[in-house]
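Peer 1: Input: one structure, supplied below.
A short reminder: the numbers here are calculations on the coordinates, not readings from a lab. Remember, predicted model here, so these are calculated numbers, not experimental data. Ideal geometry is used to build each Cβ from the backbone, glycine not excepted, and the neighbour counts take in all protein chains shown.
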Amino acid sequence: MDRSNLSRKAASQVIDPSTTSLGVSPSAPAGPGTAPDPGRQILEYRNVSKTFPGEARTVVALDGVSFSVQEGEFISLVGPSGCGKTTLLRITDGLETADEGEIRLDGRALSGVSREMSYVFQDINLLPWRSVIQNVELGLEVRGVPKAERRSRAMEVLEMVGLGAVASVPPYTLSGGMQQRVGVARAVAVRPKVLLMDEPFGQLDNFTRESLQVEIAELWQKLGTTIVFVTHDVDEAIFLSDRIALFLPEPGRLTEIVDVDLPRPRTDYDVRAHPNAIKLRSYIMDHLRGDRGVRP
Amino acid sequence: MASGQPNPPTLTEETLVAETRMAAAAPVPTPAAPVVGPVANRSVMPFLGARRDLIAKMVAVIAALALWQASSAFLKPIFISTPSKVVSALINLIGNGQLPGAFLRSLIEMLIGMAIAAGVGIAVGLLMGRIRLVERALDPVVAFGNATPSIALLPVMEVWFGIGTSARVAFIMVICTWPLLVNTYAGARAVRGRYLDVGNAFGMSGWQQTWKIYLPGAMPFIFVGLRIALAVGAVGMILGGQEIGQSGLGGLTADFGSYSETADLVATIVTTTALAMFLFGAFRRIQDWRFPWIAATSAGRRQAK
């Protein structure tokens, strides 16, 4: 258990008043103006536990998970199926509740669904009765943003993901990759403090997945949003992340957080062949298999 | 809208499933396969081209009519009359206003009954799908009501509402409510499984989820419920017309039947069928016009799984 990151970064919990109200203020630009403060912790997990009682057997999905996420950081949660990574993400967004422990966003304990975070689903879940732009407007609608502003903000993010031209078509006419771009746009449109992504590219083919990885890296740099990204694809995690949290199953637990020492921006595909990436990959694979590797 | 679909968008979900299954199970056209649909690409009569299907249908109809007409040679006309007599009866009954009046009356009763049934059925079905307590409380009631043979309720409607329009409308409403309710409830449960996370993740209130997620999400099921309601409602419409004060198309059938006016009777039955088909077609149009995603996505989803 390497919690050194946690203790090193658990220093201050400053609440920045300018970022407490989400999105509704028209002055907040969607661009790089949000000015993330790296090193400041935005999300803090304290001893989060969750058990799914079952008739056949009881599954301990999460066993005392503690760590923190820094503002503006891209952190991936990686591990084999059943390690609790998706459960942790769902608890973060309030889609599930933890049995024990708490999660703090900007120093405030979360309860229920937080409107300051958005979620990107693996199975995308666009609403087929709404057009692409209406899907993107969904979160803004719920937050009571007036119609005209809603439309222009939705259009802005759609253009950001390169889908301005298909704003008015029904989502089911789009390819899987385009649909997930809409899913990302829908989540980003509300200008969340933290973007939670649950294996967002898991259902896409290899080519689409890799181009979306590049796009999401660019989008993240443009927006400066904090991203918590769940995946079981180690290469994907290495390509995208600043840090990778490794989870193991039975019971689902966080075993280690590793730094990804690779240059940014990583829009260049060659980064995957970087010696550090290769070393890190074999370390992570060994770790997740239960072997003890040498730390890169 | 369904530009990416290989099948024409007018197909129902059911036929789409049937056809995809057929296509999967029998890539080689079997001799038993019907002459319609994508399986029968190896054409029987290729020179007819694209109009082949239409011509086949017309031939079948004309053959049936010819057989019917020919039956007068060995059957007494009182049994099933003949097409020519039915046509003249039809012209006569339309001319004297009997049939149009009955048609309108039945149509209006049917629409009112179904509208109330849709209101009640969709509202209660949504409530059951949204609120666990309501679901648990009403589950046995719905099971009981749905299992009750609705024809048995006809005298009850007479007792409650007398022998007028309101009793007939109430009868149609009662028997149409169940399929709408049960299907809306099933639709809401399907939404619970599929789209619930979306509503929650965006922090929607319960009310917003009901309006923005559950009601639209349940629409495919509601349309299935409407089609079933239409089928049972048409039976209710005729039965009500026959049994409750002899009115509308049902009343006419009872009338002509008791006097053995077979040609008039068949003309009325044909009109009844036309009314039901008109309503079926109207619902289909409404679905394709307002909810094009239903036909488009149900096929896509099934192909994906």
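Peer 1: How would A:147, A:193, A:279 line up from fewest to most surrounding beta-carbon atoms within 10 angstrom?
Peer 2: A:147, A:279, A:193
Peer 1: Leaving out same-chain residues fewer than 8 places away, which lysines sit with a Cα under 21 Å from that of residue B:85?
Peer 2: B:76
Peer 1: Sorted from fewest to most neighbouring beta carbons within 10 Å, what does the list A:119, A:283, B:259 look like? Present the calculation step by step, with values, prior to reporting the outcome.
Peer 2: Details: A:119 30, A:283 20, B:259 10.
Ordered from fewest to most neighbouring Cβ atoms within 10 Å, A:119, A:283, B:259 come out as B:259, A:283, A:119.
Peer 1: Please average, across the residues of A:137-143, the number of beta carbons from any other chain that are within 10 Å of each residue's own beta carbon, and give a whole number.
Peer 2: Partner Cβ neighbours, averaged per residue: 4.
Peer 1: If packing is taken as the average number of other Cβ atoms within 10 Å across a peptide's residues, how do A:243-250, B:158-165 rank, most packed first?
Peer 2: The peptides rank, most packed first, as A:243-250, B:158-165.
Peer 1: So how do A:50-61, A:89-100 stack up, highest first, on mean other-Cβ count within 10 Å?
Peer 2: Sorting A:50-61, A:89-100 by mean packing, highest first, produces A:89-100, A:50-61.
Peer 1: Cross-link partners among lysines for residue A:147, C-alpha distance below 26 Å, same-chain residues fewer than 8 apart left out?
Peer 2: Within reach: A:193, A:222, B:212.
Peer 1: Under a cut-off of 26 Å between alpha-carbon atoms, report the lysines in cross-link reach of residue A:279, not counting same-chain residues fewer than 8 places apart.
Peer 2: A:9, A:85
Peer 1: What ranking, highest mean first, results for peptides A:170-178, B:198-206 when packing means the other Cβ atoms within 10 Å averaged over each residue?
Peer 2: Most protected by this proxy first, the peptides run B:198-206, A:170-178.
Peer 1: If you count, for every residue in B:190-203, the Cβ atoms of partner chains within 10 Å of its Cβ, what is the mean? Kindly include the intermediate steps, with their values, before the conclusion.
Peer 2: On the way: counts 0, 0, 0, 0, 2, 4, 2, 8, 11, 5, 8, 18, 14, 14.
Partner-chain Cβ atoms within 10 Å, mean over residues of B:190-203: 6.
Peer 1: What whole number of Å gives the distance from the Cα centroid of the stretch A:108-129 to the Cα centroid of the stretch B:84-119?
Peer 2: Here the two parts' Cα centres lie 52 Å apart.
Peer 1: Within a 10 angstrom radius of each residue's Cβ in A:203-212, how many Cβ atoms of other chains show up on average? Whole number is fine.
Peer 2: That works out to 0 on average.
Peer 1: While we're on this one: Rank the residues A:124, B:175, B:228 as a footprinting-exposure proxy: fewest other Cβ atoms within 10 Å of their Cβ go first. Let's see the in-between values first.
Peer 2: On the way: A:124 21, B:175 26, B:228 16.
Lowest to highest Cβ neighbour count: B:228, A:124, B:175.
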